[in-house]
Amino acid sequence: SRLEGAVRELVSRQRVLLTRLDEQQDALVRAMADVEEAERELVARSRAVQERLIQLLFWVPLNPIGLQTFENVEPALQWNIAPANWRAAGDVLVREAARFAPLTLLALAVVAVIYAMRGRLKRKLESLSPNERPRGEYRVAQTLAALAITFALALPLALLLWYSGWLLAGAHSGTNFTQALGAALRSAGQLYVTLYGFSWLFDRRGVAIRHFHWHAPTMLGLQSQLRRFTAFFVPLIFVVSLNSGSAPHANTESLGRFAFLLAMAWIAWFVFRMFRRSAPLMTRLFERSPRSWRAKLHP
(Lines give C-alpha, C1' and ligand atoms only; values in the text may rest on other atoms or scores of the structure.)
Protein backbone atom coordinates (compact mmCIF):
# COMPACT_ATOMS: atom_id res chain seq x y z
CA SER A 1 0.00 0.00 0.00
CA ARG A 2 2.89 2.36 0.76
CA LEU A 3 4.41 1.66 -2.69
CA GLU A 4 1.07 2.22 -4.36
CA GLY A 5 0.69 5.57 -2.59
CA ALA A 6 4.16 6.68 -3.69
CA VAL A 7 3.45 5.63 -7.28
CA ARG A 8 0.14 7.48 -7.33
CA GLU A 9 1.87 10.61 -6.05
CA LEU A 10 4.54 10.33 -8.77
CA VAL A 11 1.89 9.74 -11.45
CA SER A 12 0.02 12.78 -10.19
CA ARG A 13 3.18 14.88 -10.43
CA GLN A 14 3.85 13.50 -13.90
CA ARG A 15 0.32 14.47 -14.99
CA VAL A 16 0.89 18.01 -13.74
CA LEU A 17 4.24 18.24 -15.53
CA LEU A 18 2.78 16.87 -18.77
CA THR A 19 -0.03 19.40 -18.58
CA ARG A 20 2.49 22.21 -18.10
CA LEU A 21 4.59 20.80 -20.97
CA ASP A 22 1.54 20.76 -23.22
CA GLU A 23 0.82 24.38 -22.34
CA GLN A 24 4.44 25.32 -23.02
CA GLN A 25 4.34 23.54 -26.39
CA ASP A 26 1.18 25.41 -27.33
CA ALA A 27 2.88 28.67 -26.36
CA LEU A 28 5.93 27.67 -28.42
CA VAL A 29 3.78 26.95 -31.48
CA ARG A 30 2.04 30.32 -31.12
CA ALA A 31 5.40 32.07 -30.72
CA MET A 32 6.79 30.34 -33.83
CA ALA A 33 3.70 31.39 -35.79
CA ASP A 34 4.17 34.97 -34.61
CA VAL A 35 7.85 34.86 -35.62
CA GLU A 36 6.96 33.50 -39.07
CA GLU A 37 4.35 36.20 -39.57
CA ALA A 38 6.81 38.87 -38.41
CA GLU A 39 9.43 37.49 -40.80
CA ARG A 40 7.00 37.66 -43.71
CA GLU A 41 6.08 41.21 -42.79
CA LEU A 42 9.78 42.12 -42.57
CA VAL A 43 10.47 40.66 -46.02
CA ALA A 44 7.48 42.49 -47.49
CA ARG A 45 8.49 45.79 -45.90
CA SER A 46 12.11 45.31 -47.02
CA ARG A 47 10.99 44.80 -50.60
CA ALA A 48 8.72 47.83 -50.40
CA VAL A 49 11.57 49.95 -49.04
CA GLN A 50 13.92 48.66 -51.76
CA GLU A 51 11.40 49.50 -54.49
CA ARG A 52 10.88 52.95 -52.99
CA LEU A 53 14.62 53.58 -52.87
CA ILE A 54 14.93 52.55 -56.51
CA GLN A 55 12.21 55.08 -57.37
CA LEU A 56 13.92 57.85 -55.39
CA LEU A 57 17.49 57.22 -56.50
CA PHE A 58 17.66 58.69 -60.00
CA TRP A 59 21.35 57.95 -60.40
CA VAL A 60 23.44 55.35 -58.59
CA PRO A 61 27.16 55.68 -59.46
CA LEU A 62 29.00 52.41 -60.03
CA ASN A 63 32.68 51.76 -59.73
CA PRO A 64 34.47 52.26 -63.05
CA ILE A 65 35.60 49.17 -64.87
CA GLY A 66 38.98 48.33 -63.43
CA LEU A 67 41.02 45.62 -61.81
CA GLN A 68 38.45 45.04 -59.07
CA THR A 69 35.73 44.46 -61.66
CA PHE A 70 37.75 41.72 -63.35
CA GLU A 71 38.71 40.21 -59.99
CA ASN A 72 35.03 39.89 -59.06
CA VAL A 73 34.14 37.93 -62.20
CA GLU A 74 35.44 34.60 -60.86
CA PRO A 75 33.51 34.76 -57.54
CA ALA A 76 30.41 35.87 -59.46
CA LEU A 77 30.73 32.89 -61.81
CA GLN A 78 31.15 30.56 -58.85
CA TRP A 79 27.99 32.01 -57.27
CA ASN A 80 26.10 31.54 -60.55
CA ILE A 81 27.07 27.91 -61.12
CA ALA A 82 27.40 26.68 -57.53
CA PRO A 83 25.64 23.27 -57.31
CA ALA A 84 24.44 24.05 -53.78
CA ASN A 85 22.59 27.16 -55.01
CA TRP A 86 20.89 25.26 -57.83
CA ARG A 87 19.97 22.34 -55.56
CA ALA A 88 18.42 24.75 -53.06
CA ALA A 89 16.52 26.50 -55.85
CA GLY A 90 15.33 23.13 -57.18
CA ASP A 91 14.07 22.12 -53.73
CA VAL A 92 12.22 25.41 -53.36
CA LEU A 93 10.73 25.05 -56.85
CA VAL A 94 9.45 21.54 -56.15
CA ARG A 95 8.03 22.60 -52.79
CA GLU A 96 6.30 25.68 -54.22
CA ALA A 97 4.98 23.73 -57.22
CA ALA A 98 3.41 21.23 -54.80
CA ARG A 99 1.98 24.09 -52.74
CA PHE A 100 0.27 25.48 -55.84
CA ALA A 101 -0.51 22.04 -57.26
CA PRO A 102 -3.72 22.96 -59.17
CA LEU A 103 -2.05 25.95 -60.85
CA THR A 104 1.06 23.88 -61.61
CA LEU A 105 -1.02 21.13 -63.21
CA LEU A 106 -2.88 23.74 -65.27
CA ALA A 107 0.36 25.31 -66.53
CA LEU A 108 1.84 21.90 -67.41
CA ALA A 109 -1.40 20.89 -69.13
CA VAL A 110 -1.38 24.06 -71.25
CA VAL A 111 2.23 23.45 -72.28
CA ALA A 112 1.58 19.76 -73.05
CA VAL A 113 -1.55 20.51 -75.11
CA ILE A 114 0.19 23.22 -77.17
CA TYR A 115 3.18 20.96 -77.85
CA ALA A 116 0.88 18.05 -78.80
CA MET A 117 -1.15 20.30 -81.12
CA ARG A 118 1.85 22.15 -82.58
CA GLY A 119 1.54 20.59 -86.03
CA ARG A 120 -2.21 21.13 -86.08
CA LEU A 121 -1.81 24.74 -85.01
CA LYS A 122 0.65 25.38 -87.85
CA ARG A 123 -1.78 23.87 -90.37
CA LYS A 124 -4.61 25.91 -88.88
CA LEU A 125 -2.49 29.06 -89.14
CA GLU A 126 -1.96 28.36 -92.83
CA SER A 127 -5.64 27.60 -93.45
CA LEU A 128 -6.67 30.97 -91.97
CA SER A 129 -4.94 32.79 -94.83
CA PRO A 130 -7.32 34.84 -97.02
CA ASN A 131 -5.77 33.04 -100.01
CA GLU A 132 -7.20 29.76 -98.73
CA ARG A 133 -10.76 31.10 -98.64
CA PRO A 134 -13.14 31.83 -101.52
CA ARG A 135 -13.34 35.47 -102.48
CA GLY A 136 -15.72 37.39 -100.23
CA GLU A 137 -15.62 34.94 -97.31
CA TYR A 138 -12.68 36.51 -95.48
CA ARG A 139 -13.39 37.96 -92.01
CA VAL A 140 -11.24 40.00 -89.63
CA ALA A 141 -11.80 37.27 -87.05
CA GLN A 142 -9.52 35.04 -89.13
CA THR A 143 -6.61 37.43 -88.64
CA LEU A 144 -7.37 37.68 -84.92
CA ALA A 145 -7.42 33.88 -84.71
CA ALA A 146 -4.09 33.77 -86.58
CA LEU A 147 -2.61 36.21 -84.05
CA ALA A 148 -3.87 34.02 -81.20
CA ILE A 149 -2.25 30.94 -82.76
CA THR A 150 0.96 32.94 -83.27
CA PHE A 151 1.00 33.74 -79.55
CA ALA A 152 0.21 30.11 -78.64
CA LEU A 153 3.12 28.79 -80.73
CA ALA A 154 5.51 31.03 -78.79
CA LEU A 155 3.95 30.33 -75.38
CA PRO A 156 5.10 26.90 -74.03
CA LEU A 157 8.75 27.57 -73.15
CA ALA A 158 7.98 31.14 -72.10
CA LEU A 159 5.20 29.92 -69.80
CA LEU A 160 7.49 27.37 -68.14
CA LEU A 161 10.18 30.01 -67.60
CA TRP A 162 7.78 32.62 -66.27
CA TYR A 163 5.83 30.25 -64.01
CA SER A 164 9.01 28.76 -62.52
CA GLY A 165 10.28 32.28 -61.88
CA TRP A 166 6.99 33.27 -60.28
CA LEU A 167 7.15 30.29 -57.91
CA LEU A 168 10.76 30.99 -56.92
CA ALA A 169 10.31 34.73 -56.48
CA GLY A 170 7.24 34.23 -54.28
CA ALA A 171 8.83 31.66 -51.96
CA HIS A 172 9.27 32.90 -48.39
CA SER A 173 12.00 30.37 -47.58
CA GLY A 174 14.15 31.13 -50.61
CA THR A 175 17.75 32.31 -50.54
CA ASN A 176 19.14 35.34 -52.35
CA PHE A 177 20.06 33.06 -55.26
CA THR A 178 16.52 31.70 -55.38
CA GLN A 179 15.05 35.21 -55.46
CA ALA A 180 17.50 36.31 -58.16
CA LEU A 181 16.84 33.18 -60.22
CA GLY A 182 13.09 33.75 -59.98
CA ALA A 183 13.41 37.31 -61.27
CA ALA A 184 15.75 36.16 -64.06
CA LEU A 185 13.41 33.40 -65.21
CA ARG A 186 10.46 35.78 -65.31
CA SER A 187 12.44 38.32 -67.34
CA ALA A 188 13.60 35.63 -69.75
CA GLY A 189 10.08 34.27 -70.16
CA GLN A 190 8.55 37.66 -70.92
CA LEU A 191 11.32 38.56 -73.35
CA TYR A 192 11.22 35.19 -75.10
CA VAL A 193 7.47 35.20 -75.75
CA THR A 194 7.74 38.73 -77.17
CA LEU A 195 10.67 38.15 -79.52
CA TYR A 196 9.81 34.59 -80.55
CA GLY A 197 6.16 35.57 -81.02
CA PHE A 198 7.20 38.40 -83.35
CA SER A 199 9.31 35.95 -85.35
CA TRP A 200 6.20 33.84 -85.94
CA LEU A 201 4.46 36.89 -87.43
CA PHE A 202 7.02 36.79 -90.25
CA ASP A 203 6.71 33.04 -90.89
CA ARG A 204 5.69 31.88 -94.39
CA ARG A 205 2.34 30.86 -92.85
CA GLY A 206 2.15 33.92 -90.61
CA VAL A 207 0.12 37.09 -90.57
CA ALA A 208 2.66 39.37 -92.29
CA ILE A 209 2.95 37.28 -95.48
CA ARG A 210 -0.43 35.55 -95.67
CA HIS A 211 -2.75 38.29 -94.39
CA PHE A 212 -0.93 41.56 -95.14
CA HIS A 213 0.89 40.27 -98.26
CA TRP A 214 4.25 41.71 -97.24
CA HIS A 215 7.26 40.71 -99.31
CA ALA A 216 7.88 37.04 -98.48
CA PRO A 217 11.71 36.86 -98.93
CA THR A 218 12.14 39.99 -96.80
CA MET A 219 9.88 38.64 -94.04
CA LEU A 220 11.59 35.25 -94.02
CA GLY A 221 14.96 36.96 -93.75
CA LEU A 222 13.64 39.06 -90.88
CA GLN A 223 12.33 35.94 -89.14
CA SER A 224 15.71 34.22 -89.44
CA GLN A 225 17.58 37.27 -88.12
CA LEU A 226 15.15 37.75 -85.23
CA ARG A 227 15.33 34.14 -84.10
CA ARG A 228 19.13 34.21 -84.24
CA PHE A 229 19.05 37.41 -82.21
CA THR A 230 16.64 35.89 -79.66
CA ALA A 231 18.74 32.76 -79.18
CA PHE A 232 21.66 34.85 -77.90
CA PHE A 233 19.95 37.90 -76.43
CA VAL A 234 17.54 36.14 -74.03
CA PRO A 235 20.32 34.16 -72.25
CA LEU A 236 22.35 37.36 -71.89
CA ILE A 237 19.44 39.17 -70.27
CA PHE A 238 18.91 36.13 -68.04
CA VAL A 239 22.51 36.47 -66.81
CA VAL A 240 22.08 40.23 -66.33
CA SER A 241 18.91 39.74 -64.28
CA LEU A 242 20.41 36.85 -62.28
CA ASN A 243 23.29 39.10 -61.21
CA SER A 244 21.20 42.07 -60.13
CA GLY A 245 18.55 42.69 -57.49
CA SER A 246 19.03 39.98 -54.85
CA ALA A 247 22.49 38.98 -56.09
CA PRO A 248 25.66 40.25 -54.35
CA HIS A 249 26.50 43.79 -55.41
CA ALA A 250 29.91 42.65 -56.71
CA ASN A 251 28.09 40.42 -59.20
CA THR A 252 26.22 43.39 -60.62
CA GLU A 253 29.42 45.34 -61.15
CA SER A 254 31.33 42.45 -62.71
CA LEU A 255 29.56 39.58 -64.45
CA GLY A 256 26.24 41.44 -64.69
CA ARG A 257 27.93 44.48 -66.22
CA PHE A 258 29.84 42.42 -68.81
CA ALA A 259 26.68 40.51 -69.76
CA PHE A 260 24.83 43.81 -70.15
CA LEU A 261 27.58 45.22 -72.37
CA LEU A 262 27.44 42.08 -74.52
CA ALA A 263 23.66 42.38 -74.77
CA MET A 264 23.88 46.00 -75.92
CA ALA A 265 26.60 45.10 -78.45
CA TRP A 266 24.39 42.27 -79.75
CA ILE A 267 21.50 44.74 -80.19
CA ALA A 268 23.80 47.09 -82.11
CA TRP A 269 24.98 44.25 -84.37
CA PHE A 270 21.37 43.13 -84.97
CA VAL A 271 20.24 46.65 -85.88
CA PHE A 272 23.25 47.07 -88.18
CA ARG A 273 22.53 43.80 -89.98
CA MET A 274 18.83 44.65 -90.29
CA PHE A 275 19.20 48.18 -91.65
CA ARG A 276 22.46 48.15 -93.61
CA ARG A 277 22.14 49.08 -97.29
CA SER A 278 22.56 45.50 -98.52
CA ALA A 279 20.08 43.99 -96.04
CA PRO A 280 16.89 42.51 -97.57
CA LEU A 281 14.73 45.05 -95.73
CA MET A 282 16.61 48.05 -97.09
CA THR A 283 17.02 46.51 -100.56
CA ARG A 284 13.26 46.12 -100.75
CA LEU A 285 12.77 49.71 -99.57
CA PHE A 286 15.09 51.13 -102.24
CA GLU A 287 13.44 48.99 -104.90
CA ARG A 288 9.95 50.23 -104.06
CA SER A 289 10.57 53.88 -103.17
CA PRO A 290 14.13 55.00 -103.93
CA ARG A 291 13.15 58.69 -103.70
CA SER A 292 11.29 58.49 -100.41
CA TRP A 293 12.54 60.25 -97.29
CA ARG A 294 13.16 56.85 -95.69
CA ALA A 295 15.61 56.03 -98.46
CA LYS A 296 17.20 59.49 -98.49
CA LEU A 297 17.68 59.48 -94.71
CA HIS A 298 18.97 55.91 -94.61
CA PRO A 299 22.55 56.95 -93.71
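The figure for LEU220 is an accessible area of roughly 70 square angstrom, using a 1.4 Å probe on the protein chains alone. The angle between the Cα long axis of helix 155-169 and the longest principal axis of the Cα atoms of the chain comes to about 30 degrees, rounded to the nearest 10. Only helices enter the 222 nm calculation for the chain: every DSSP H run of n ≥ 4 contributes -39,500 (n - 2.57), and dividing by all residues gives -26000 deg cm²/dmol, rounded to 500. Taking all protein chains together and a 1.4 Å probe, the residues TYR163, TYR192, TYR138, TYR115 rank TYR115, TYR138, TYR192, TYR163 from largest to smallest accessible area.
For TRP162, the accessible surface of its heavy atoms amounts to roughly 90 Å² (probe 1.4 Å, protein chains only, rounded to the nearest 10).
Averaged over residues, the count of other Cβ atoms within 10 Å places the peptides 37-46, 221-230, 98-107, 278-287 in the sequence 221-230, 278-287, 98-107, 37-46, highest first.
Ordering HIS249, VAL234, MET274 by the projection of their Cα atoms onto the charge dipole of segment 174-299, which places +1 on the Cβ of Lys and Arg and -1 on the Cβ of Asp and Glu, puts MET274 at the extreme positive end. Around the Cα centre of the chain, unit charges on the Cβ atoms of Lys, Arg, Asp and Glu (plus for the first two, minus for the last two) sum to a dipole of about 2040 debye.
Computed about its Cα centre, the charge dipole of segment 152-271 is approximately 340 debye, with only Lys, Arg, Asp and Glu carrying charge at their Cβ.
Between the listed residues SER164, THR218, MET32, the Cα displaced farthest toward the positive end of the dipole of the chain, a dipole computed from Cβ unit charges relative to the Cα centre, is found at THR218. Computed from point charges on the beta carbon alone (+1 for Lys and Arg, -1 for Asp and Glu), the dipole magnitude for segment 256-299 about its Cα centre is near 160 Debye.
For the peptides 245-253, 4-12, 176-184, the ranking by packing is 176-184, 245-253, 4-12, with the highest mean count of neighbouring Cβ atoms within 10 Å listed first. Average projection, convex hull of the Cα set of segment 81-133: 6.1 square nanometres.
Restricting the calculation to Cα atoms, segment 1-133 shows an Rg/Rh of 1.29 when the hydrodynamic-style radius is the Kirkwood one. Pair-distance distribution P(r) for segment 182-226, from all Cα-Cα distances in 5 Å bins starting at 0: 5, 24, 25, 16, 11, 9, 6, 3, 0 percent. Of the residues ASP26, ASP91, ranked by 1.4 Å probe accessible area with the largest first, the sequence reads ASP91, ASP26. Comparing SER46, LEU18, PRO299 along the charge dipole axis of the chain, the residue lying farthest to the positive side is PRO299, per the Cβ-charge model.
Volume per residue of the convex hull around the Cα atoms, evaluated for the chain, comes out as 250 Å³.
Stokes-Einstein diffusion for segment 153-205 at 10 °C, viscosity 1.306 mPa s, with a Kirkwood radius from C-alpha pairs, works out to 137 µm²/s. With one equal scatterer per alpha carbon and no solvent term, the Debye-computed log10 I(q)/I(0) for segment 191-283 at 0.12, 0.22, 0.26 1/Å reads -0.47, -1.02, -1.22.
Compute the acute angle (0 to 90°) between the alpha-carbon long axis of helix 118-127 and the principal axis of greatest extent of the alpha-carbon atoms of the chain; round to the nearest 10°. For helix 118-127, the angle is close to 30 degrees.
The values are calculated or read from the model by the stated rules, or taken from the named source; none is laboratory data. Keep in mind it's a predicted model, so treat the numbers as computed, not measured. Neighbour counts run over all protein chains shown; Cβ positions are idealised from the backbone, glycine included. Ligands, DNA and RNA are stripped out before the accessible areas are found, and what is left, the full protein with its side chains, is counted by its heavy atoms. Shrake-Rupley method; radii C 1.70, N 1.55, O 1.52, S 1.80 Å.
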